[in-house]
Amino acid sequence: MAELAAQKSSVRGAVRHSGAFLPDCECVVVGEVNGNTDWHDALADATAVVHLAARAHITHETAEDSLAAFRAVNTEGTLNLARQAAQAGIRRFVFVSTTKVNGEGRESAYTETDESAPEDAYAISKWEAEQGLRKIAAQTGMEIVVLRAPLVYGPGVGANFLRLLTAIDAGWPLPLGGIVNCRSLIYLGNLVDAIIVSLSHPNAANTLFLLSDFEDVSTTELIRRLAAALDVKPRLFALPRTLIRQAAIVLNKRRAVDRLWGSLFINSSNIQRELDWLPPFSMDIGLAETAKWYRRVRGDA
């Protein structure tokens with residue numbers, strides 16, 4: 001929001017309840033995001049939409065039908081917004097999706113031309129939203145831009161990345177030394193910059209782009225770089241993957257361990273070629289800003 005406002009753009013944020021607040025913009029309460037959400041007030045006089053709201057990964061899933069719960073928000077909610085946006089005369093609709101739509105665990109880089117292979121409910125719901133958006137674009141003429149992002153880190157990060165930060169900072173011994181894999185990530189500042197470019201660049205219309213920091217790391221290297229950003233010493237040691245996987249099965253953490261060892265990296269050259277876009281922030285800068293935020297919220301800085 002702040003970045004768009006700095007460019008003298010008039011920005012309106014959609015929030016779910018009246019207590020929510022977004023800096024540097026007008027806020028409109030829309031309630032829960034699903035197939036019945038009324039977006040009329042949020043869309044009034046707008047020319048473009050950036051859709052980031054989603055039901056993301058749930059650590060302790062309580063829904064009886066997980067896929068239905070993800071579809072309600074990520075698929076039906078997205079397409080409902082897109083239809084209303086087209087009716088309101090919106091010129092361009094930027095949808096932030098996920099590289100998990102491409103698949104997981106492949107030992108070579110994913111590209112935009114690969115056949116989609118989403119595996120979990122979250123990725124499936126995002127992929128179905130992408131398909132629906134393309135149909136709406138064809139029917140209405142509204143321009144669609146799909147940005148598939150890998151793990152996003154930066155100030156405000158949560159879930160497994162925050163847990164990893166906490167473990168490194170606490171000096172916990174981590175049996176993750178020597179992992180040979182390749183992971184793509186994107187710093188929040190880089191994602192925001194790519195979104196801003198996608199809102200106006202003529203070559204972005206009706207196009208899919210894979211995003212990243214243009215720097216891929218192994219899990220072991222990421223831990224070392226996070227430790228450096230936190231100014232602590234990483235306590236890494238190596239254990240055989242088979243041993244850790246057996247323990248993970250017992251603890252019902254197999255998928256989490258597989259993600260730590262597996263690769264998920266992408267070739268982001270298409271957005272550089274088509275939009276002349278390069279990440280404005282290096283990974284080291286992104287990790288440093290993440291560490292500063294972490295220290296601040298913990299009261300260490």
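Read-outs: derived from the displayed coordinates by stated rules, not from any lab. Everything numeric in this text was worked out from a predicted model, so none of it was measured. Glycine also receives a Cβ, built like all others from the backbone with ideal geometry; neighbour counts cover every protein chain displayed.
List of remarks:
- For the stretch 88-202, the dipole from Cβ point charges (+1 on Lys and Arg, -1 on Asp and Glu) about the Cα centre works out to 280 debye, to the nearest 20.
- Residue order, fewest to most surrounding Cβ atoms within 10 angstrom, among Asp41, Asp216, Asp120: Asp41, Asp120, Asp216
- Those lysines that a straight Cα-Cα span of less than 19 Å connects to Lys126, excepting residues fewer than 8 apart in one chain: Lys100, Lys135
- Fraction of beta bridges assigned by DSSP in the chain that are antiparallel (%, nearest 5): 10 percent
- Counting only DSSP H runs of at least 4 residues, each contributing -39500 (n - 2.57), and dividing by the residue count of the chain, the helix-based mean residue ellipticity at 222 nm comes to -12000 deg cm²/dmol.
- Gyration tensor (alpha-carbon) shape descriptor, the stretch 203-263, a/c threshold 1.5: oblate
- Cα-centred dipole magnitude for the chain, charges only on beta-carbon of K, R (+1) and D, E (-1), debye, nearest 20: 740 debye
- Across the chain, the mean sequence separation of Cα contacts (distance under 8 Å, 6 or more residues apart), normalised by length, yields a relative contact order of 18 percent.
- Note on the chain: with a GNM built from Cα contacts shorter than 10 Å, the maximum mean-square fluctuation among Arg225, Arg183, Arg163 falls on Arg163.
- Candidates Glu274, Glu76, Glu128: whichever shows maximal mean-square fluctuation once the chain is modelled as a Gaussian network with Cα springs under 10 Å: Glu274
- Extension reserve of the Gln131-Ile249 stretch, reckoned as 0.36 nm per residue once the Cα distance is removed: 39.0 nm
- Cα shape, the chain, gyration tensor, a/c 1.5 rule: prolate
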